[in-house]
Each structure stands twice: as C-alpha cells, then as structure tokens.
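Input: a single structure, listed below in structure tokens.
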Amino acid sequence: MLIAIFALLAGSFILSWLLTGAMVRLAPKIGFVDQPGHRKIHANPKPLGGGVAMFWAIALPMLLAAGLLATDQALAAFNQGDDWPALLRGALRQLPLALGLLAGAFLLHLVGLLDDKRALGPWPKLVVQLAVAGAFVTYFDVRAMTFLDNLGLGRWPSVAVTVIWIAAITNAFNFLDNMDGLSAGVAAVCATAFLICTILIGQWFVAATLALLLGSVLGFLCWNFPPARIFMGDSGSLVIGFILGVLTVRTTFLPPGADFGAGWYAIFAPVIVLAVPLYDLVVVSLIRLARGHSPFKGDTNHFSHRLVARGMSRRTAVLCIYVVTAATSTSAIVLPWTRSGFAAILIFSQTILVLGLVALLEQHPLPAAWRNEDEQDRRKPN
C-alpha cells in the first residue's frame with residue numbers, strides 16, 4: 001500500500017510539473033496573465049493558470065482510478081469477496097465520497113478561474129465556498145465535533161462548525177497566496193504532515209488523496225518557487241484549501257484500537273498543523289476589520305510582507321514561514337500517539353510559543369516606507 005501511495009504522489013507530481021510547464025507557455029498567448037499593479041511584487045505580467053495544472057494533476061488520476069474501479073470486472077470481483085488489497089477495497093467503498101470531493105473542488109476551481117480572469121469580488125466567492133462546503137458536508141455526512149449532536153439540535157451544530165472550518169481553511173490558503181511559492185509551499189508542508197499521520201494510522205483513502213494533492217503542489221512549486229514563473233491564482237488556492245479542509249475532517253486522528261478518552265486531544269492535530277495559516281487569516285482579518293475595511297481587502301499586513309519589510313529577501317521570508325509551519329506540524333504528527341496529558345500540554349505549549357514568536361515579529365514597528373504605504377491603504381475606500 002505504501003508503494004501505491006508513493007506511486008500516486010509521483011504520478012501527480014509529474015503530471016503537475018508537465019501541465020504547469022505547458023501553462024507557462026500557453027497562458028501569455030491567451031492573455032491569462034496577472035498584471036503588475038498596487039501591492040503586486042512583480043514588475044512584468046506573469047502567467048496565471050498554475051491552479052489549472054494542480055487541479056487536473058489531482059482530478060485526472062482520481063477519474064482514471066474511478067473508471068477502473070467502476071468496471072464490471074472490478075465490481076464483480078469486489079462483490080464476490082475476492083482478496084483485493086485493502087487500498088483498492090477502501091477506494092471502491094469511498095468512490096462516491098471521492099467524486100463528491102472532486103465535484104466540490106471543481107466548482108471552486110471554476111469560480112477561481114472566473115475571478116482570476118475577471119475579479120468577482122470576495123463575497124460571491126465566499127457564498128460559493130459556503131454553499132459547496134455545506135452541500136458536501138450535508139450530503140456525505142462528513143462532520144467534525146459530532147458530540148455536539150447531544151445538544152438536542154440534531155446534527156446541525158456539527159454541520160455548521162464543519163462548514164465554517166472548511167471555509168476558513170479555504171480562505172487561509174487563499175490569503176497565503178501573496179508571495180511567490182508561499183501558499184503552495186505551506187500546503188506541501190501541511191499535506192506532508194497529514195500524509196504521515198494517515199499512513200501511520202492506516203487511513204488509506206485519505207492518504208491516497210493527500211498523496212495526489214502533495215504531488216500536484218510540489219510539481220507546481222518547481223515553477224512557482226521564487227522567483228516564480230507562474231502563479232496559481234484563486235483557481236489553485238481555493239482547491240488546495242478546500243481539499244485540505246475536507247480531508248482534515250475526514251481523518252480520524254486516533255490510532256486503530258485507541259481509546260478516545262485516553263487520547264481525545266489528538267482531534268486538535270489539524271489545528272496544530274494549520275496553526276500558521278489560521279493565525280495569519282485571523283490576525284490579518286482583525287486588522288482590516290479594526291480599520292473599517294472588509295476582511296477580504298488586500299493589504300501588506302501579512303506575516304510574509306512584514307518579514308520582507310524587516311530586511312529579509314522574499315525567498316528567505318517564504319523559507320522562514322515553511323520552517324515555522326514545519327515546527328508546528330512535526331509536533332502534530334506525534335500528538336495522535338501521545339498517551340500522556342503532560343506530553344500533550346507540551347505539544348500545545350510549543351505551538352503557542354511558535355505563534356508567540358510570529359506575533360513578536362509582527363508587533364515590531366514597520367520601516368517608514370512600509371508605514372507610509374500602509375497608511376495609504378487605510379485611506380482608500382473599500
């Protein structure tokens with residue numbers, strides 16, 4: 001099964017690398033480029049369409065696998081109880097869920113493409129995100145915090161929490177797409193952590209999907225690492241966030257046979273892995289709201305911008321955020337196997353300390369040139 005997982009990763013990587021290279025050449029010919037402008041760090045038009053490559057690097061293997069699994073011979077062998085590898089049997093059982101996940105990602109991909117070509121504005125995108133997440137969660141009953149069902153309101157509190165979580169992760173990676181290689185690289189770090197967790201726990205369907213996501217992101221990152229030759233656009237960042245959001249809910253972060261009462265804190269593993277993207281989303285949104293702006297109004301208050309303003313090169317700033325994300329993610333891999341409350345507290349404390357370091361770096365006064373630009377942003381209407 002491990003061989004199959006790494007084969008999926010390698011296949012998705014190659015496909016993403018090839019498709020991204022094709023989009024580098026095709027996008028300028030069809031006018032699908034990101035023009036330089038206010039707060040843009042590139043001086044010349046850059047090709048868009050990296051999200052197209054990433055999406056199809058995930059979708060094509062999934063559709064191929066679905067087609068093979070749905071053949072008459074495969075269904076007959078499955079129904080007769082033939083000795084299939086566990087990964088294949090699990091894949092067939094999860095086929096409707098996989099297609100639903102792909103359909104949701106495709107809808108967000110289309111919305112992202114429209115926004116990349118002609119800005120739709122933040123609120124239509126948010127409505128679509130909530131609608132897609134709500135439909136997926138409700139239809140497939142993929143929910144977090146199901147203990148809320150005991151409140152007497154049925155499954156709806158759990159549905160609401162799950163939809164908000166998926167939308168938050170989707171927007172977190174959309175917010176991170178503010179510097180070359182940042183969103184894709186952080187997604188790669190987070191996907192790697194989740195992949196290791198799911199392999200160790202034996203959740204093979206989630207592991208296979210994560211392998212496809214990781215391969216597609218790494219293949220794109222070869223072209224997007226600073227200085228980038230192509231951007232992913234919303235057509236990529238929305239897909240990354242949605243898939244990660246769904247898969248974190250779909251994963252049970254407890255080893256087989258483990259008692260929930262002895263290791264309940266393992267459910268916080270996704271929060272720890274995604275601590276840095278979520279922190280950036282929350283802090284930047286609060287800053288914008290405090291200034292009377294929409295939380296979706298772009299500015300230079302992201303952690304990445306502040307690192308550059310303090311003297312780091314853009315590449316160094318991006319690598320710094322990779323390392324910070326990896327620091328929290330490494331602890332999260334250990335959390336599901338922790339059976340000591342004290343050890344769990346240490347893991348949570350480490351995450352808080354890492355975020356505290358990020359907060360200290362953000363509180364340091366910005367250089368004068370950046371303060372002036374930030375003041376101009378504050379005076380501009382929404």
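Odds and ends about this structure:
- Yes/no for Leu153 being over 29 Å from Ile321 (Cβ atoms) and free of Cβ contacts under 8 Å to residues at least 24 places away in the same chain: yes
- Of the residues making up the range 263-278, those that are farther than 16 Å from Asn171 by Cβ, of a type outside the set (A, V, I, L, M) and touching a residue at least 40 places away in the same chain (Cβ under 8 Å) are Gly263, Tyr265, Phe268.
- Any hit, the range 115-122, residues being part of a helix (DSSP H, G or I) and over 29 Å from Trp17 (Cα atoms): yes
- When residues of the range 190-205 are limited to those that are surrounded by fewer than 23 Cβ atoms within 10 Å (Cβ to Cβ) and either of a type in the set (Val, Ile, Thr) or under 22 Å from Pro124 (Cα atoms) (or both), the one modelled with the highest pLDDT: Thr192
- Residue within the range 313-326 that is more than 19 Å from the chain's Cα centre (by Cα) and not in a helix (DSSP H, G or I) present: yes
- Any hit, the range 67-90, residues being open to solvent by 50 Å² or more (accessible area, probe 1.4 Å) and either at pLDDT 85 or above or within 25 Å of the chain's Cα centre (by Cα) (or both): no
- Verdict on Val217 being part of a helix (DSSP H, G or I), among the β-branched types (Val, Ile, Thr) and open to solvent by 10 Å² or more (accessible area, probe 1.4 Å): no
- For beta carbons closer than 9 Å, sequence separation of 6+ or different chains, a first residue in the range 279-290 that is open to solvent by 80 Å² or more (accessible area, probe 1.4 Å) and a second that is among the β-branched types (Val, Ile, Thr), there are no qualifying pairs.
- Residue within the range 235-244 that is surrounded by fewer than 24 Cβ atoms within 10 Å (Cβ to Cβ) and touching a His at 6+ places or on another chain (Cβ under 6 Å) present: no
One line per residue, one yes/no per condition, for (1) modelled with pLDDT of 95 or more; (2) under 23 Å from Val52 (Cα atoms); (3) within 18 Å of the chain's Cα centre (by Cα):
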{"residue": "Phe225", "(1), (2), (3)": "no, yes, yes"}
{"residue": "Ala228", "(1), (2), (3)": "no, yes, no"}
{"residue": "Val273", "(1), (2), (3)": "no, no, yes"}
{"residue": "Val276", "(1), (2), (3)": "no, no, yes"}
{"residue": "Ala290", "(1), (2), (3)": "no, no, no"}
{"residue": "Asp299", "(1), (2), (3)": "no, no, no"}
{"residue": "His305", "(1), (2), (3)": "no, no, no"}
{"residue": "Thr328", "(1), (2), (3)": "no, no, yes"}
{"residue": "Ala332", "(1), (2), (3)": "no, no, yes"}
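- Any hit, the range 164-172, residues being among the hydrophobic types (A, V, I, L, M, F, W, C) and open to solvent by 30 Å² or more (accessible area, probe 1.4 Å): yes
- Test for Ser349: is it crowded, with 20+ Cβ neighbours inside 10 Å and not basic (Lys, Arg): no
The values are calculated or read from the model by the stated rules, or taken from the named source; none is laboratory data. Everything quoted here is computed from the prediction, not taken from an experiment. No Cβ is skipped: glycine too gets one built from the backbone with ideal geometry, and neighbour counts run over all protein chains shown. We work out accessible area using only protein heavy atoms, side chains counted, and drop any ligands, DNA or RNA first. Shrake-Rupley method; radii C 1.70, N 1.55, O 1.52, S 1.80 Å.
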